[in-house]
Amino acid sequence: MIFLDTETCGLVGPVVIIQYARDNGPPIIYDVWESAASTTVALIETIAKHEEGICGFNLSFDWFHLQRAHNILSLLGDAIPTIDAWRSVERQAVFGPCVKPVSAIDVMLHARKGPCQALMPRDDVRIRKVTDWLVEPLREELLERIQFDGIYFARRSNGYDWEIARKEECPAFPDLVLKFGAVGGLKPLSRYLLGAEVVDYPLPREWFPKENDWDIFGDSWVSLLKRHIDYWHSDQRARKYAADDVILTRSLWEHFGKPPSDTDSVLACQIGSSRWRGYSLDLGKLNEAKASLQASKSLAVRAPLEVLAKLRELATPTQRLAIQDTTATTLEEIGKWPGEIGSFARAVTTARSAEKELDICEKLLSVGRAHFDFKVIGTLSGRMSGGSQRDQRSAGGGSINPQGIPKGILREAFIFTNKGEFLEGGDFSGFEVAIAAAVYNNKALSEDLKSGLKIHALYGSSIFNEPYEAIVADKNKYDRAKSAVFATIYGAQDQKISDVLGLDIGAVSEGTRRFFERYPGVGEARQRISDKFCSMRQPAGIGTAVEWHEPADYIDSLFGFRRYFTLENKLCWALFELANEPPKRFREHDKYANVQRTVGRRQKPSGAIQSALYAAAFGIQAANMRQAANHEIQSSGATITKALQRAIWDLQPSGVHKWVVSPLNIHDEIMCPTTVGLRPLVNDFITEFSDSVPLLAIDWKRLQNWSEK
């Protein structure tokens with residue numbers, strides 16, 4: 001196996017050195033800008049053709065640079081490359097051949113399949129409305145009781161801390177907020193898992209170009225490249241740092257038990273190669289989209305303060321009480337109101353959406369092609385996400401996220417194909433529903449869905465206690481049911497469902513009972529999740545003593561991808577324990593004051609603290625239960641979608657070869673410019689996975705552009 005890494009001038013500037021080692025051999029540091037272009041091309045081809053494959057850390061980044069260097073340097077012959085020569089051929093070089101390794105294992109992605117996924121980005125933890133009498137003592141108690149490794153807060157200047165967040169509208173009851181800032185890079189992870197002595201990144205921050213990930217042809221690196229070349233070539237500390245990258249990658253691979261090549265790692269290399277090559281655009285259509293979006297953008301003001309002022313101007317006194325912000329959720333609700341205020345809210349939503357799409361449009365026009373970056377495991381469910389590999393070492397802007405491009409005029413410009421190729425693609429039909437039927441293993445649900453009945457109307461029939469046909473015929477009720485069915489399946493409380501459906505809680509409770517009675521497998525799944533992750537229970541009812549039951553550490557998807565809750569469980573237990581037996585010093589103020597944390601209820605300060613802690617702990621628990629239920633569906637979907645992407649990518653020969661396929665994974669869609677028909681492969685794939693998901697289906701066809709999907 002070849003263990004490899006690269007050092008580059010920024011994130012989209014050129015590769016400067018390639019460091020690698022064969023098996024247990026010593027690291028070799030190869031200077032790209034000190035060597036003949038043809039020699040570098042030969043090295044990259046040797047790496048790609050290595051029979052035992054490659055091992056790296058964040059391969060989508062490194063393989064992008066190796067693919068890029070190969071295609072550019074192939075056009076420069078035997079000369080030692082210069083900046084001018086590189087720049088003169090780079091746009092032509094995107095049409096070069098594909099460079100694909102025989103196999104690959106990405107140690108970073110492997111780590112995200114285990115407990116180290118806790119290092120991925122996560123939401124803040126917030127203890128709301130802590131009485132000012134005790135906010136500082138509570139903060140001190142939390143810091144003492146709950147200990148974390150520094151790696152979880154390495155990005156935060158003040159490290160691990162519970163911050164006091166005061167609110168202007170409620171100064172007597174500030175929040176305590178825990179903000180994570182984990183690092184999961186090669187060096188920090190090696191320090192954390194291996195106890196390795198590692199040096200921090202040696203380059204000064206000002207040496208990094210101000211660049212945009214979406215513009216792979218930007219020139220901000222040009223004035224900085226020579227510094228990087230000289231540094232990596234001559235500085236012995238830098239050379240050691242580069243060699244350590246290879247050694248640590250190999251050590252982590254051994255630490256994880258020498259895992260073999262897997263789908264995620266193979267796709268990381270595909271994403272790197274496809275990102276360099278890019279996808280073709282119809283620039284005429286793109287300019288038409290730009291004009292249309294500019295018109296839509298001008299329909300209404302968009303700035304939050306201006307929008308809020310206009311909404312309050314148009315609102316009645318009663319309506320004005322309900323308008324607290326201008327978020328998308330708020331505008332969606334106001335958009336349902338009659339009269340000018342509803343029209344204005346809808347116009348603002350349209351204008352804001354157009355503004356975002358226009359930004360994407362202008363970026364695409366500036367480059368002329370779509371060079372998308374992806375994170376193969378971009379969420380805790382294992383789903384792929386559009387986004388940047390940007391980290392704390394670099395400056396500049398982010399990438400274009402194709403998963404954020406909505407259906408509409410902009411998609412008409414995406415033709416994807418180069419000369420000699422055609423476009424095929426499709427999305428999975430009723431994807432979540434098909435997976436849910438498999439996960440819940442409920443015969444009645446499967447039979448109803450197989451007969452063509454829609455789960456939204458089936459749910460609506462139970463909730464509204466009306467015939468299925470009546471729900472289908474009533475768009476309002478059908479849409480309301482559609483918005484609530486998966487919230488119900490994923491364990492949302494009756495109050496939440498009541499808000500979504502506009503029904504009283506009693507009707508929701510009775511409707512949910514009818515739905516679970518008809519499809520007991522769904523109710524049983526909810527109960528199974530509750531039994532696993534409901535750590536705090538009140539057997540005697542709300543307001544009575546809370547009992548602790550040890551929760552599960554993780555949940556498996558249908559295909560075995562695990563979502564870990566170790567960090568959440570640790571926090572939940574600490575908050576419960578502190579609420580259940582608060583320190584005696586918390587009662588020091590009880591003889592002086594009663595506080596009103598919630599309207600109509602006065603408490604002693606220590607009692608208010610207990611209420612705040614229990615509320616935070618129950619909030620974490622509720623989120624765990626929703627995420628666990630969601631994981632069984634979403635993560636299973638991620639596995640299926642990536643498996644199809646991998647099956648298509650397997651048609652591309654390894655080594656150096658003309659492009660055959662370049663698949664793109666966007667939520668439940670696969671789009672692919674190709675030189676071969678993919679329908680037989682897709683049919684075989686569906687047949688194979690139907691053993692696990694019997695209702696699995698995909699609407700696959702040949703297309704002219706993305707909008708036809």
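Test of understanding: among E447, E424, E469, which residue is charged (D, E, K, R) and assigned by TED's automatic domain parsing to the domain that holds T674?
Details: E447 fails: assigned by TED's automatic domain parsing to the domain that holds T674; E469 fails: assigned by TED's automatic domain parsing to the domain that holds T674.
Being charged (D, E, K, R) and assigned by TED's automatic domain parsing to the domain that holds T674 holds for just one of E447, E424, E469, which is E424.
Looking at (1) crowded, with 19+ Cβ neighbours inside 10 Å; (2) at pLDDT 90 or above, which one does D213 not meet, given that it meets all the others?
Only one criterion in (1) crowded, with 19+ Cβ neighbours inside 10 Å; (2) at pLDDT 90 or above is unmet by D213, namely (2).
Is it the case that region 134-143 has a residue that's in contact with a strand residue (DSSP E or B) (Cβ under 9 Å, 6 or more places away or on another chain) and within 19 Å of I271 (Cα to Cα)?
no
Testing K336 on (1) free of Cβ contacts under 8 Å to residues at least 24 places away in the same chain; (2) more than 30 Å from E169 (Cβ to Cβ), one condition comes back false. Which one is that?
It fails just one condition, (2).
Quick check: is even one residue across region 11-20 touching a residue at least 24 places away in the same chain (Cβ under 8 Å), under 17 Å from D245 (Cβ atoms) and out of contact with any Leu (no Cβ under 9 Å at 6 or more places or on another chain)? Reasoning before the result, please.
Of all residues in region 11-20, those touching a residue at least 24 places away in the same chain (Cβ under 8 Å) come to 11-20.
Keeping just the survivors that are under 17 Å from D245 (Cβ atoms) gives 11, 15-20.
In the following step, the residues that additionally are out of contact with any Leu (no Cβ under 9 Å at 6 or more places or on another chain) were identified as 11, 17.
Yes, that holds for at least one residue.
Would you be able to say whether some residue in region 474-485 is touching a residue at least 40 places away in the same chain (Cβ under 8 Å), on the phi < 0 side of the Ramachandran plot and in a helix (DSSP H, G or I)?
Looking through region 474-485, none of the residues is touching a residue at least 40 places away in the same chain (Cβ under 8 Å), on the phi < 0 side of the Ramachandran plot and in a helix (DSSP H, G or I).
If you take the residues of region 561-591 that are without any contact (Cβ under 8 Å) to a residue 40 or more places away in the chain and part of a loop (DSSP other than H, G, I, E, B), which of them is farthest from the chain's Cα centre (by Cα)?
K591
Of the residues E432, E469, which is out of contact with any Asp or Glu (no Cβ under 6 Å at 6 or more places or on another chain), surrounded by fewer than 14 Cβ atoms within 10 Å (Cβ to Cβ) and not in a loop (DSSP other than H, G, I, E, B)? Step through it out loud before you land on a result.
Details: E432 fails: surrounded by fewer than 14 Cβ atoms within 10 Å (Cβ to Cβ).
Sole residue among the options that is out of contact with any Asp or Glu (no Cβ under 6 Å at 6 or more places or on another chain), surrounded by fewer than 14 Cβ atoms within 10 Å (Cβ to Cβ) and not in a loop (DSSP other than H, G, I, E, B): E469.
Among the residues of region 310-330, are any free of Cβ contacts under 8 Å to residues at least 12 places away in the same chain, aliphatic (A, V, I, L, M), closer than 21 Å to E355 by Cβ and surrounded by 12 or more Cβ atoms within 10 Å (Cβ to Cβ)?
No, there is no match, as no residue in region 310-330 is free of Cβ contacts under 8 Å to residues at least 12 places away in the same chain, aliphatic (A, V, I, L, M), closer than 21 Å to E355 by Cβ and surrounded by 12 or more Cβ atoms within 10 Å (Cβ to Cβ).
Within region 259-282, is even one residue over 30 Å from T639 (Cβ atoms) and in a helix (DSSP H, G or I)? Walk me through it before giving the result.
Kept after step one, since they are over 30 Å from T639 (Cβ atoms), are these residues of region 259-282: 281-282.
Now restrict to residues that are in a helix (DSSP H, G or I): none.
No, region 259-282 contains no residue that is over 30 Å from T639 (Cβ atoms) and in a helix (DSSP H, G or I).
Against the condition over 21 Å from F64 (Cβ atoms), outside the structural domain of P402 (by TED's automatic domain parsing) and of a type in the set (G, A, S), how does S273 come out, does it pass?
For S273, the condition - over 21 Å from F64 (Cβ atoms), outside the structural domain of P402 (by TED's automatic domain parsing) and of a type in the set (G, A, S) - is not met.
Just wondering, is there one or more residues in region 258-271 that are at positive phi and surrounded by fewer than 19 Cβ atoms within 10 Å (Cβ to Cβ)? Write out each step before concluding.
In the first step, residues of region 258-271 are kept if they are at positive phi; the result is 258.
Next, from what is left, pick out any that are surrounded by fewer than 19 Cβ atoms within 10 Å (Cβ to Cβ): 258.
Among the residues of region 258-271, at least one is at positive phi and surrounded by fewer than 19 Cβ atoms within 10 Å (Cβ to Cβ), which makes the answer yes.
From the set of residues in region 156-181 that are part of a loop (DSSP other than H, G, I, E, B), at pLDDT below 95 and among the hydrophobic types (A, V, I, L, M, F, W, C), which is surrounded by the most Cβ atoms within 10 Å (Cβ to Cβ)?
Per the criteria, the residue is F173.
Out of all the residues in region 650-691, which are over 23 Å from A370 (Cβ atoms), in contact with a strand residue (DSSP E or B) (Cβ under 9 Å, 6 or more places away or on another chain) and of a type in the set (G, A, S)?
Result: S654, G655, G677.
Of all residues in region 46-71, count the ones that are in contact (Cβ under 8 Å) with a residue 24 or more places away in the chain and out of contact with any strand residue (DSSP E or B) (no Cβ under 6 Å at 6 or more places or on another chain).
11
The values are calculated or read from the model by the stated rules, or taken from the named source; none is laboratory data. As the structure is a computational prediction, the values presented were derived from the model and not from experiment. So basically every Cβ, Gly included, is an ideal-geometry build from the backbone, and we count neighbours across all protein chains shown.
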